[in-house]
1. Place a label point 7 angstrom from the Cα of E358 along the Cα-to-Cβ direction, then list the residues of region 370-406 whose backbone nitrogen is under 19 Å away.
2. Dividing the alpha-carbon Rg of the chain by 2.2 N^0.38 Å yields what?
3. Relative to the longest principal axis of the C-alpha atoms of the chain, give the angle of the C-alpha long axis of helix 106-117, reported between 0 and 90° and rounded to the nearest 10°.
4. What lysines does K115 reach when the alpha-carbon gap must be under 27 Å and sequence neighbours fewer than 8 apart in one chain are set aside?
5. Put +1 on the Cβ of every Lys and Arg and -1 on every Asp and Glu Cβ in region 387-477; which of G432, L458, G472 then has its Cα farthest towards the positive end of the dipole?
6. Mind checking which lysines have their Cα closer than 27 Å to the Cα of K557? Skip sequence neighbours fewer than 8 apart in that chain.
7. Can you spot the aspartates and glutamates whose alpha carbon is less than 19 Å from K246's alpha carbon? Ignore those fewer than 8 places along the same chain.
8. Using a basic spin-label model with each label point 7 Å from the Cα along Cα→Cβ, how many nm lie between E466 and L327?
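The values are calculated or read from the model by the stated rules, or taken from the named source; none is laboratory data. Model, not experiment: these values are computed from the prediction. For neighbour counting, all protein chains shown are included, and Cβ atoms are generated from backbone atoms with ideal geometry for every residue, glycine included. Keep in mind that these areas ignore ligands, DNA and RNA; they rest on the heavy atoms of the full protein, side chains included. Shrake-Rupley method; radii C 1.70, N 1.55, O 1.52, S 1.80 Å.
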Amino acid sequence: MCGIVGYIGNENAKEMIITGLKSLEYRGYDSAGIVLNRGGKLLMRKESGVIANLEKRITKKDFDGNLGIGHTRWATHGAPVRENAHPHLSCDGRIAIVHNGIIENYMELKEWLIKKHGIAFKSDTDSEVIAQLICVYYKNDLVAAVRKAIAKMRGAYAVGVISSDDIDHIVAVRKDAPLIAGIGEGCNYLASDIPALLKYTRDIYLIENDEIVVISKEDIKIFDDDMTRVKREKMHVTWDAAAAEKGGYEHFMKKEIYEQPEAVNQTLEGRINAKNEVKLDGIKLTKKELDAIDRIYIIACGTAYHAGLQGKTLIENFARIPTEVDLASEFRYRAPIIDKNTLFICISQSGETSDTLEALREAKRKGARVLSVCNVMGSSVARESDDVLYTWAGPEIAVASTKAYTTQLVCLFLLSLYMGKTKGTLPAKEYGRIVGELKKLPAKMSEALGTEEHVAKLAKKFFVREQIFYIGRGSDVGTSYEASLKLKEISYINSFAIAAGELKHGPIALINRGTLFIVFATQDYLYEKMLSNIQEIKARHAYVVGIAKKGNKRVKKISDDVVMIPQCADEVASILAIVPMQLFAYHIAKLRKRDIDKPRNLAKSVTVE
Ligand code: AGP
């Protein structure tokens, strides 16, 4: 998610815009830029890297103006280099835009603009298309041009626009990406997030989807999509800066848990077309290349490794290619069998994990094709891969990974569907069924968040425990591992995850009266076995909390408590079942007064081996 800041007033816009962008630095970004309107002339500077790099380029006294917009970019389309930084100018230099979101149909629009209007693009971004579109429609009426442009766009966007001809207005539009307008004295503001404005005003208007806002020094006018004026109540922000950075949540982790429906939506955006076919940008694997692949390794660490466990099942079921999952820290030291017919899939949120990077390099040295599932554009893993499938989860600040994990799972679904369809190993009916399940995920994840009240009560009951078991079968094994890691890393409880069928081979000796077991029973085809496992541990007087699909009466009957996830296909249950477990770990850690966003001994990206 990128940062947007705008100002119009009597002061030099540069100071406020740079200060506002700095207030958004916590969100993570890889480039920054600013454009001012100085008496009808647009002055623009942009720079890759941190805002300090940009500041070095705008020290001149003549870089000023009382109207401007600025941006910090979190790259999705186009590497994090200066040319791809925002703002973007139209080809005639009269229009400047900043954009947050993803324009799904940017390629077709770009081709149309090049062919029909001879536009010469300067960047690889989807965002530049917006500037050129507005320019094509601009007939000295900025609002009209903006409306015509957005009518052609599909996707998510918050856009700020200024024109050299109009020294009195900033125009902005919003669809599925945050946008607010700030109310000043003799000036007004635009921003993507509240923290950017807190030093200047606490009175804001929230801009809703499909609304256009026209900001002048004197007032802020909001219109709906047919230009009817909207009467919007002012909101007075009482949060302090720290709370505002977390969107009002107490911790980044909670914010990111709640961002998952939107994050999954972004991951799916533009990757399932109108005919319900999976279309993957960044994956160049042809049928011929896929048919030549006789072995796949999925290599990762920690949470990403747990996603890989699910990925193995999906790829083997859909694409019928033998797939091994291994820890990156082990992979290099076991003389892996790799050749040109090997596909090496590495999963990494940060793209900088040293263990994963070194395993990737070993695989490349031995001739493997490398495909990465990554959240950070331009990261080392992404740059060193042949193909990259971005999770587009937006910056994940909390050390404990949540939205990166669920979007990694969605990417592995998309990849395995693409492989199965391309190789012809996945029947069309199955393909359509799974695609249908993926499209319902954002709504079902929102529903799964509804378990929080129940889960918080369970946390209150068990936060003093020093041992908690997680068990499951099939894809519930990977979910057990991930749920256990969440609890370990933020509460410091020594939790234990194991395949349910393994209990009787030793660990069952650990059960004492009242030992807490979280038992995942989401897989219909393994249901009877899980019921037996529950009876097996209940017979030893353990306390069982079942995790099951809504309406599952038998698990409820034989368990001491049960958390229900929305009804869904077995294949996607792992994406939903982890949500209450993220919340369970969060509430237990909170009750144990842990440093939830920055747990002891941990780093967000482990760049040492
Ligand atoms: C997850 O909650 C942990 N922070 C950790 O296991 C993490 O998943 C692991 O270090 C891998 O990081 P990466 O995805 O950035 O490579």
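1. Counting backbone N atoms under 19 Å from the label point, the list is 380-382, 384-385.
2. Compared with the compact-globule rule of thumb, the chain sits at 1.01.
3. The angle comes out near 30 degrees.
4. Once the sequence-local lysines are set aside, what remains near K115 is K139, K148, K152, K275, K279, K284.
5. G432
6. Once the sequence-local lysines are set aside, what remains near K557 is K444, K457, K460, K461, K504, K529, K538, K549.
7. By straight Cα distance, K246 reaches E25, D176, D193, D203, E256, E259, E262, E396, E452, D595, D597.
8. 2.4
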